[in-house]
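Q: The structure follows.
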Amino acid sequence: MAILISEGLNVIDFSGPWGVFESVSLPNATELPFQLFTVSEKAELVNSGSGLKLIPHFTFANVPETKVVVIPAQKGSDAMIEWLRKVAPTADVTMSVCTGAFKLAKAGLLSGKAATTHHEFLDKLQKEYPDIQVKRGVRFVEGEKISTAGGLTSGTDLALRVVERYFGREIAQTTASYMEYQGKGWIV
């Protein structure tokens, strides 16, 4: 599971889904169900802008096969857009959080699809990408392979929904309970 990181990374957009995926526990499992790693354009320190500093596990050049991709709000780069175009067709799920939706849109991955983003950027998404069916007032929009979360804590909801897709409602609810997460926005 690849979580994209670059300058200006929004911490909760990153940490919410990471926290969900690292908290999944399967009965009798001997290893974690999701192998989490960060991916960036370069193998250099990434500064969130608010003080969090991360060193990516992989670059776009050496990242292993990826089944789930998470794109939090961040600055990004043209290389990130190209990597998304390359990896999304073979990934099970590519999900954005907040303005990470603009990375998917720029890559052409939301063309003709329904999507959402942070409420303060809905008009901008609609104006810049008129071929996207922008959804308002929703925590997330789920597609077969591409999904978008509104922003911030809604990324946690979408991550729990991804857990449910892989392992069922009971495991997702157990994960939410373990995290002391009482939100129900992930239940569809």
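Q: Computing the accessible area with a 1.4 Å probe over protein heavy atoms, can you report the carbon and sulfur percentage for the range 86-133?
A: After summing per-atom areas, the C and S share lands at 52 percent.
Q: For the chain, what is one quarter of the convex hull surface built on the Cα atoms, given in nm²?
A: On the way: hull surface 40.9 nm².
The number I arrive at for the chain is 10.2 nm².
Q: Ignoring everything except DSSP H segments at least 4 long, calculate the 222 nm mean residue ellipticity for the chain; use -39,500 (n - 2.57) per segment, divide by total residues, nearest 500.
A: Numbers: 6 runs with 61 residues, N = 188.
Computed mean residue ellipticity for the chain: -9500 deg cm²/dmol.
Q: Hydropathy first: keep DSSP H helices in the chain averaging at least -0.5 on Kyte-Doolittle, then drop any whose Cα extent along the axis falls short of 15 Å, and list what survives. Numbers along the way, then the final one.
A: Details: long enough: 11-23 (17 Å, 0.51); 154-167 (20 Å, 0.10).
Flagged H segments are 11-23, 154-167.
Q: Here's another thing I want to ask about it. Roughly how compact is the range 78-162, stated as its Cα Rg over 2.2 N^0.38 Å to two decimals? Each step should come with its number before you reach the end.
A: On the way: Rg = 11.6 Å, N = 85, 2.2 N^0.38 = 11.9 Å.
That ratio works out to 0.97.
Q: Right, something else. Tell me, what is a quarter of the convex hull surface for the C-alpha atoms of the range 7-114, in nm² with one decimal? Provide the component values of the computation, followed by the final result.
A: Values: hull surface 29.7 nm².
Mean shadow area of the hull around the Cα atoms is 7.4 nm².
Q: Around LEU4, with a cut-off of 10 angstrom between Cβ atoms, what is the net charge of the other residues, counting Lys and Arg +1 and Asp and Glu -1? Present the calculation step by step, with values, prior to reporting the outcome.
A: Numbers: positive: LYS103; negative: GLU41.
Net local charge, LEU4 excluded: 0.
Q: Leaving ligands, DNA and RNA out of it, work out the accessible area of THR90 with a 1.4 Å probe and give it in Å² to the nearest 10.
A: Its accessible surface works out to 90 Å², give or take rounding.
Q: If you don't mind, another one. What pairs from LYS53/LYS113; LYS75/LYS113; LYS53/LYS127; LYS145/LYS184; LYS42/LYS106; LYS42/LYS127 go past 30 Å between their alpha carbons?
A: Details: LYS53/LYS113 34 Å; LYS75/LYS113 23 Å; LYS53/LYS127 33 Å; LYS145/LYS184 22 Å; LYS42/LYS106 20 Å; LYS42/LYS127 32 Å.
Those over the limit are LYS53/LYS113; LYS53/LYS127; LYS42/LYS127.
The values are calculated or read from the model by the stated rules, or taken from the named source; none is laboratory data. None of these values were measured; they are calculated from a predicted model. Please note: Cβ atoms are built from the backbone with ideal geometry, for glycine as well, and neighbour counts cover all protein chains shown. Just the protein is used for accessible areas: all its heavy atoms, side chains included, with ligands, DNA and RNA removed. Shrake-Rupley method; radii C 1.70, N 1.55, O 1.52, S 1.80 Å.
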